[in-house]
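Contents: one structure, followed by commentary.
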Amino acid sequence: MIGFFDSGVGGLTILDAVKKRLPEIPTTYLADTEHAPYGGRSQEEILELTWQGCEELFRRGCDLVILACNTASASALRTIQQERLGKYPGKRVLGIIRPTVEALAHQGYARVIVLSTQATKHSGAFVKEFAHLDPGVQVISHACPTWVPMIEAGKTGTEELRADVEREVRSAEREAGTFDAIILGCTHYPYVKNEIAQSLTRPVPIIDQADIVAESLARYLQRHPVFT
């Protein structure tokens, strides 16, 4: 069984895509709504909360855990893989930032905006991955700290959230100047994808991670059938 972890409902966008791509694979989902949102927490807090979630999914019988959360992937994945998994032989934890950048590298993008939480922006994770995989891409990171709390509070579709999305998108546009794509660097943000598109002063591709991660996971499972 494959476990999916997020601080709230955002990771469900990843899980839904995985179920469509891999309907035969048993899955379970864990949301740490008690401590959501993660975006404003320290790296140490995010690490410990994420590791607690991984251990709970291990207890539920998951041998593979997907951090369906960019904040957790940016702040906790490396430490978990390098320092924490030793006590759980045969278990694996994967993130979603690397597969996203792998899919977008060398696709002709020159300058992209990454909309994310504060923690993901401060980690520099997207900047580092693009620098490693496609140095020709310039990354403008823009944090949208109020979106996740509003989405978790059920305010999707409200004028309050629409106005906040427009304000942040316009701010990101001014910061970036020219750009040719927007990456939704938080799994909650597909819930406001339409509002983002409507807020842009000119249309560009808006890249949702869900299908990218599902396809990357399918390839991973082909290489590692022990987790199927």
All positions within segment 116-162 that are hydrophobic (A, V, I, L, M, F, W, C), surrounded by fewer than 18 Cβ atoms within 10 Å (Cβ to Cβ) and closer than 22 Å to G8 by Cβ: A153
Output the helices (runs of 4 or more DSSP H) that fall wholly within segment 92-147 and possess 1 or more residues being within 14 Å of the chain's Cα centre (by Cα) and touching a residue at least 60 places away in the same chain (Cβ under 8 Å), or say none. 97-104, 118-123
With a cut-off of at least 1 residues that are touching a residue at least 60 places away in the same chain (Cβ under 8 Å) and among the small types (G, A, S), name the strands (runs of 3 or more DSSP E) lying wholly within segment 1-79. 2-6
Of the residues that make up segment 171-189, is at least one within 17 Å of G11 (Cβ to Cβ) and in a helix (DSSP H, G or I)? yes
Given the criteria in contact with an Asp or Glu (Cβ under 9 Å, 6 or more places away or on another chain) and aliphatic (A, V, I, L, M), does A31 qualify? yes
Failed condition for H188, given (1) out of contact with any Asp or Glu (no Cβ under 7 Å at 6 or more places or on another chain); (2) closer than 20 Å to P37 by Cα; (3) surrounded by fewer than 17 Cβ atoms within 10 Å (Cβ to Cβ), with all others met? (3)
Condition check for G86: free of Cβ contacts under 8 Å to residues at least 12 places away in the same chain, over 18 Å from the mean Cα position of the chain (by Cα) and outside the structural domain of Y189 (by TED's automatic domain parsing): yes
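The values are calculated or read from the model by the stated rules, or taken from the named source; none is laboratory data. Since the structure is predicted, the reported quantities are computational estimates derived from the model, not experimental observations. Reconstructed Cβ throughout: ideal geometry from the backbone, glycine too, with neighbour counts over all protein chains shown.
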